[in-house]
Structure formats: structure tokens, C-alpha cells
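The values are calculated or read from the model by the stated rules, or taken from the named source; none is laboratory data. As the structure is a computational prediction, the values presented were derived from the model and not from experiment. Here the Cβ is made from the backbone with ideal geometry for all residues, glycine too, and neighbour counts use every protein chain on show.
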Amino acid sequence: MTVFNDLIGLEYKWGAHPLDSSGFTDCFALVMEARRRMGLRDFYPDFKWVYEAYGHEGVGGRQILRWFWDHGQRIDGAREGAVFRTMGANATGLALAVVIDSDSALLIGPSGRVIALPFAKVAGGRFYWAD
């Protein structure tokens, strides 16, 4: 069983990664770390340049949606490691979340902290698979 307890409670901060010991993460790094722990592809190394090329204001909802279109395909139902978008605590109002088990998701909640909750409450039925 994959463990995510150490991710719960991390605060949102653009450009932070769960493993950098800062106590912060952003939604992309959070989702990719969860996928890595599940043995799935972690796209974080491929997109690390975005943090250097753009500030927080330079990456918004369109870029998040573009990521879905370029690297994922829509799937009919949730499965572990599937990614979806949700309303987030960041400035864009959109954030990535990831399915972590048969009914739960990991995401940055309205409080600005990482939470786990039933994905049915936040997913809206649109899940994407990236590999």
C-alpha cells in the first residue's frame, strides 16, 4: 500500500516540491510525487524548466488544461494515478489532483493545504490518464 501521510498538510507554494523539506508544494509537484510513489510515470523532471522560465503568474488554467490535452487521454472512470482538475487554492483557481485509491484523491484544498478526500466530491467525472 502506498503511503501519502507525509504529504497531508503541506501548504501550497508555487515551485515547491514535497521532497524539498520546505513544508510546501504546488499541485503539479504534488500530483507527480503521488504518481511516482504509485510506480507511475513522474512528469516532474520533464517540466522542471517551467519553474525557471515562468513565474507563478505565467502559468495559469490554460497551461494546466494544455497539459491534459498534450500528455493525457480522457478515461471513462477513475483509477489509481488518474489525474483530474479541480478548483484550487492557487491564483489560477484551477489545480491538478490525483486519484490515490478506489475512492480518494490527493489535492490542495481551499485552505491551501494538501488534503485527501473522496474524489466524487471534487472530480466532476473527468479523469485523464498520462503515461
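Summed over the stretch 88-104, the residues that are within 20 Å of THR2 (Cα to Cα) and modelled with pLDDT under 90 give a count of 1. Just one of the listed residues (LEU107, LEU40, LEU117) is modelled with pLDDT of 85 or more, closer than 21 Å to ASN5 by Cα and surrounded by 20 or more Cβ atoms within 10 Å (Cβ to Cβ), namely LEU107. Being farther than 22 Å from LEU117 by Cβ and modelled with pLDDT of 80 or more is a condition met by no residue of the stretch 55-68.
Restricting attention to the stretch 1-35, the residues that are acidic (Asp, Glu), part of a loop (DSSP other than H, G, I, E, B) and either in contact with a Pro (Cβ under 9 Å, 6 or more places away or on another chain) or farther than 12 Å from LEU107 by Cα (or both) add up to 1. The residues of the stretch 1-60 that are free of Cβ contacts under 8 Å to residues at least 24 places away in the same chain and within 16 Å of VAL99 (Cβ to Cβ), listed by number, are MET1, MET32, ARG36, GLY39, ASP42. Taking the stretch 12-56 as the search range and keeping residues that are over 13 Å from the mean Cα position of the chain (by Cα) and of a type in the set (Asp, Glu), which one is nearest to ASP70 (Cα to Cα)? Per the criteria, the residue is ASP46. On the given criteria, is PHE4 crowded, with 17+ Cβ neighbours inside 10 Å, at pLDDT below 80 and in contact with a strand residue (DSSP E or B) (Cβ under 7 Å, 6 or more places away or on another chain)? When the stated conditions are applied, PHE4 does not pass them.
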